[in-house]
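Heads up, the thing below is written out as structure tokens.
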């Protein structure tokens with residue numbers, strides 16, 4: 001990675017927030033290596049019955065477009081303007097006040113004016129104006145209208161796959177215009193003519209077939225879980241039982257597939273298993289509903305619905321009472337804002353009640369799905385867990401709010417409460433970079449590919465820079481988060497910008513601090529790194545803080 | 001370029017009534033027909049647009065949550081920025097519409113060497129926008145005095161408050177000064193802030209300059225040029241009572257003012273100015289965040305092709321059996 005990319009200082013140096021003199025209406029998109037994603041492969045589109053599969057790459061001069069592609073796109077636009085009030089209203093009411101301009105992480109990290117949310121939306125709005133508004137039809141370019149050309153399409157592809165649908169702009173917009181909505185529509189329109197990216201369509205095809213994005217088949221799923229059970233036994237001396245596809249349990253537990261397959265997600269997965277064992281939770285996992293995440297969200301509403309359907313279907317088949325969901329960002333956007341509407345009603349389930357504390361999760365009484373942080377925070381509040389936060393003393397922790405749980409849900413204080421109970425060193429990043437103002441990892445919404453690395457490092461700069469701030473100031477060495485995409489993409493981001501800081505799930509910290517009945521003497525954490533309790537850790541932290549101060 | 005074209009358009013809009021009433025004696029056209037036409041366009045256009053929006057369904061419940069959600073009883077919800085009830089949403093909308101809550105959050109990014117990025121609070125846009133909109137509203141209401149006899153007491157009171165400082169004669173209204181300052185700021189911001197200039201279209205400069213023209217002519221009429229208020233009120237009362245009369249003694253400047261206002265009304269429904277009713281229909285702001293508590297219905301929720309467990313088990317049955325996983329059909 002290091003030899004191909006410019007040094008961090010260099011990358012940052014060429015960021016300028018001054019737009020070019022010429023206006024933006026006449027596009028010429030340069031597909032520079034490292035700043036875009038490869039196209040969707042035909043096999044994935046075929047498997048999902050999607051139109052116009054073709055072999056092409058974005059940097060090709062010629063794109064394999066159907067003859068009537070403009071008609072298809074405009075017809076698709078007309079259709080969606082009638083189906084989504086958000087789309088119709090957001091096309092009409094932007095006043096271009098510019099409040100959103102410097103709120104996008106991609107703009108902050110690239111200085112490219114078309115990454116200002118307002119201009120990203122204008123790429124589509126200019127077409128809307130020309131073809132769908134009275135004044136635009138009469139005045140055309142004078143009223144900011146543009147014709148839909150291949151160049152415009154290429155520009156759409158470049159910039160609507162340079163938006164992570166994080167909704168930060170929508171927090172600052174006086175009308176709540178949400179670029180995520182506009183990006184979703186633009187992507188749907190491009191899908192109509194076969195223009196999509198591999199990192200979305202292949203995981204979606206995998207997920208449709210095997211139940212998870214990674215394409216792990218049922219026996220592989222079982223292997224992964226067994227492996228985790230073995231690891232947990234090595235660490236704690238306790239063999240936990242994880243039912244898979246078993247009927248008659250109370251709860252179905254659904255996680256993003258990276259949790260049982262990728263690092264550092266895996267340690268959080270061990271944390272879930274330890275926690276459930278300790279409280280004696282009556283649950284099952286499912287190899288079919290082996291993915292809570294949903295790359296369909298990044299593709300189209302239809303795809304989101306198609307991939308999401310398995311969760312209620314599996315809950316029904318297995319006869320559980322309610323569903324518990326693991327740490328994941330966009331997964332929770334789907335579960336919180338879409339699932340019940342799309343695939344509900346879940347009238348075959350019961351209103352969720354914690355079997356341990358008897359707390360009713362009133363806020364989930366219709367969807368019947370509870371976030372693991374809500375569940376665990378309730379356990380801790382009711383003193384159901386024996387925790388020794390000193391076991392995380394070797395971690396100086398900060399918390400990264402993931403876009404979707406914060407801006408499409410409002411899950412802010414639950415994870416913080418947990419972290420404060422399981423660790424002794426918790427420091428917040430600056431206030432304009434956390435909670436509803438949090439910055440995206442820069443790789444969400446299907447953009448977390450290697451070929452897109454430079455753009456990811458740019459988009460992730462605001463997040464990484466805030467981490468660097470608390471790293472330098474407080475010696476923070478662990479960024480906790482509750483999102484599978486974060487856990488996959490923040491490590492390389494931090495390696496580039498803040499090399500001394502790791503990434504973990506909140507439930508890794510929980511598992512590590514959890515005192516289990518009958519556990520063996522432990523001197524290492526879930527990662528096999530030595531734990532340094534109490535005063536010794538404090539001393540080491542102080543040294544680290546001093547060193548950081550001297551360095552910074 | 002966009003600025004020049006907008007200025008040119010405004011110039012034309014000023015010259016038209018000047019020639020029309022000064023030379024061609026078209027007072028009836030500019031004093032009665034055009035204002036009526038503008039009002040009709042405004043009302044019909046606005047109602048049409050609002051009905052059009054309202055007829056588009058809201059398939060999903062997609063509020064942008066800007067604070068702590070309602071979850072466990074002991075976690076304090078941020079009801080204003082992340083409401084979960086109808087009344088909470090009303091409060092959120094009130095804050096948004098009356099005080100521009102979201103603009104109040106505005107920050108400015110700065111990138112320094114290092115790199116070191118900082119975000120500082122930047123309330124100027126909020127202040128400028130709020131100052132303009134409130135002044136406009138108060139000035140609009142103050143104008144009721146031209147359309148009602150006797151002048152309603154609350155209009156009188158508003159005037160009294162607006163002229164609170166009792167500077168000059170005629171008394172200078174605070175809002176007249178504020179609206180000019182605010183519009184000037186908003187205009188200069190568009191010109192001199194490179195990012196805002198880059199995104200600005202004629203669609204942005206034109207209404208701003210139009211409003212400046214209206215404010216300027218209004219101020220000229222009130223403070224600087226002798227204007228026959230009685231005659232103007234006669235015209236106003238005639239218009240509102242649908243018995244229009246065109247008194248003499250009304251100067252061309254007044255017709256310019258009236259014409260620019262007419263253009264504003266006529267232009268309104270076809271422009272970004274529709275953000276005024278639009279903000280009330282924005283799904284990220286006007287919906288309660290209660291999607292896990294109450295099922296939101298999508299009126300066009302159609303079935304999609306899914307992959308069923310049966311299909312899944314059919315494909316992987318042997319592997320599942322070998323791995324010891326339970327099966328629905330073990331054959």
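Bear in mind these aren't lab numbers, they're just calculated from the coordinates by the rules spelled out. Just so it is clear, the structure is predicted and the values come from calculations on it, not from any experiment. Methodologically, a virtual Cβ is constructed for each residue, glycine included, from the backbone with ideal geometry; neighbour enumeration extends over all protein chains shown.
Details
- Label-zone membership for segment B:240-283, site residue A:138, 7 angstrom Cα→C-beta point, backbone N under 17 Å: B:260-274
- Number of partner chain Cβ atoms within 10 Å, mean per residue of A:59-68: 0
- Cα gyration tensor shape for segment A:211-381, rounded if a/c is under 1.5, else prolate or oblate: oblate
- Pairwise label distance in nanometres, residue B:181 with residue B:216, each label 7 Å out on the Cα-Cβ vector: 2.0
- DSSP-defined beta bridges in segment A:389-551 - what % are antiparallel, rounded to 5: 10
- Over chain A: helical MRE at 222 nm, DSSP H runs n ≥ 4 each giving -39500 (n - 2.57), nearest 500: -14000 deg cm²/dmol
- Of all DSSP beta bridges in the protein assembly as shown, antiparallel share, percent nearest 5: 35
- A Förster radius of 35 Å, combined with the Cβ-Cβ distance separating residue B:188 from residue A:431, puts the computed FRET efficiency at roughly 0.70.
- Principal-axis tilt of helix A:198-210 within chain A, Cα atoms, nearest 10 degrees: 50
- Gyration tensor (alpha-carbon) shape descriptor, the protein assembly as shown, a/c threshold 1.5: prolate
- Relative contact order (%) - criterion: Cα under 8 Å, at least six apart; region: chain A: 16
- Inter-chain neighbour count for B:199-211: the average number of beta-carbon atoms from partner chains within 10 Å of each residue's beta-carbon is 4.
- Peptides A:288-296, B:310-318, B:192-200 ranked from most to least packed, by the mean per-residue count of other Cβ atoms within 10 Å: A:288-296, B:192-200, B:310-318.
- Chain B: angle of helix B:2-22 to the longest principal axis, Cα-based, in degrees nearest 10: 40
- Chain B: calculated mean residue ellipticity at 222 nm from DSSP helix runs of at least 4, using -39500 (n - 2.57): -17500 deg cm²/dmol
- Degrees between helix B:229-240 axis and first principal axis of chain B (Cα, 0 to 90, nearest 10): 50
- For segment A:292-447: rounded, prolate or oblate by the Cα gyration tensor [a/c cutoff 1.5]: oblate
- Among B:235-243, A:435-443, the peptide with the highest mean count of other Cβ atoms within 10 Å heads the list, and the full ranking is A:435-443, B:235-243.
- Directionally averaged shadow of segment B:2-300, computed from the convex hull of its alpha-carbon atoms, nm²: 21.6
- Each Cα pair under 8 Å and six or more residues apart adds its sequence gap; the mean of these over the residue count of chain B is a relative contact order of 31 percent.
- Separation in nanometres of the label points that stand 7 Å from Cα toward Cβ, at residue A:82 and residue A:25: 3.1
- Mean separation of Cα contacts under 8 Å, 6 or more apart, over the residue count of segment A:211-381: relative contact order %: 22
- Average beta carbon contacts from partner chains per residue of A:301-309, 10 Å cutoff: 4
- DSSP-defined antiparallel bridges as percent of all bridges, segment A:211-381, nearest 5: 10
- Both numbers refer to the Cα atoms of segment A:389-551; Rg and Dmax are 15.7, 48 Å.
- Separation between Cα centres of segment B:66-99 and segment A:12-86, rounded to whole Å: 37
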